Amino acid sequence: MTTEKVETKKKNTDYSASAVNLTNPTELGVGLCALKVCQEQLAVVQAKIEDSIPDELKAQRDLYAKQITDLNADLRKAVDDLGSYQNLEDGLYAVKQSVKSKSYNAQPFESSYPEFAQAVIIKSIDGDKLKALQKGGLVADDARLESLFILSVKESFKYIIKV
């Protein structure tokens, strides 16, 4: 009995709901096709370059890559055990840096500085957590209710260019 592997094609993402000015101009289709061809040609060239590297050099490359990974892990452990290291002259650093983020209690500030409270105190709903509650059926996913909760919508843009 032979088992056949059935290859399923991944469904492409539909950006219709969030795309700005989705008009599918021909010029962009041509540009995307050119980008796809260049990416495919680059992959072929990169494969040829990889194939042209002697096995001995590949082994050395892999050895150094593993040594670098191991040394980084060892240095992190040493910093935890022994403390941080910094050499400004040579630009050598093994530093565990503290980054602190403060959360403030709004009520005492509001009592002490009522004239500034509205400018600095933000009361908001975590949108990701709200979506999770809606997805779990714990909170209604109702556009009428959502319109009551939304104070403002800030729109930002990112570009998705993939072939």
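The values are calculated or read from the model by the stated rules, or taken from the named source; none is laboratory data. Quick caveat: nothing in here was measured; it's all calculated off a predicted structure. FYI the Cβ positions are ideal-geometry reconstructions off the backbone, even for glycines, and counts take in every protein chain you see.
Structure values in brief
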item: Where residue 141 falls short, out of the listed (1) surrounded by 10 or more Cβ atoms within 10 Å (Cβ to Cβ); (2) among the charged types (D, E, K, R); (3) within 26 Å of the chain's Cα centre (by Cα); result: (3)
item: Single condition residue 1 does not satisfy, out of (1) surrounded by 10 or more Cβ atoms within 10 Å (Cβ to Cβ); (2) modelled with pLDDT under 95; result: (1)
item: Qualifying residue in region 88-110 (condition: surrounded by fewer than 11 Cβ atoms within 10 Å (Cβ to Cβ), over 30 Å from residue 161 (Cα atoms), modelled with pLDDT under 95 and acidic (Asp, Glu)); result: yes
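Conditions (1) within 30 Å of residue 159 (Cβ to Cβ); (2) surrounded by fewer than 10 Cβ atoms within 10 Å (Cβ to Cβ); (3) among the hydrophobic types (A, V, I, L, M, F, W, C), marked per residue:
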position: 6; (1), (2), (3): no, yes, yes
position: 21; (1), (2), (3): yes, yes, no
position: 24; (1), (2), (3): yes, yes, no
position: 30; (1), (2), (3): yes, no, yes
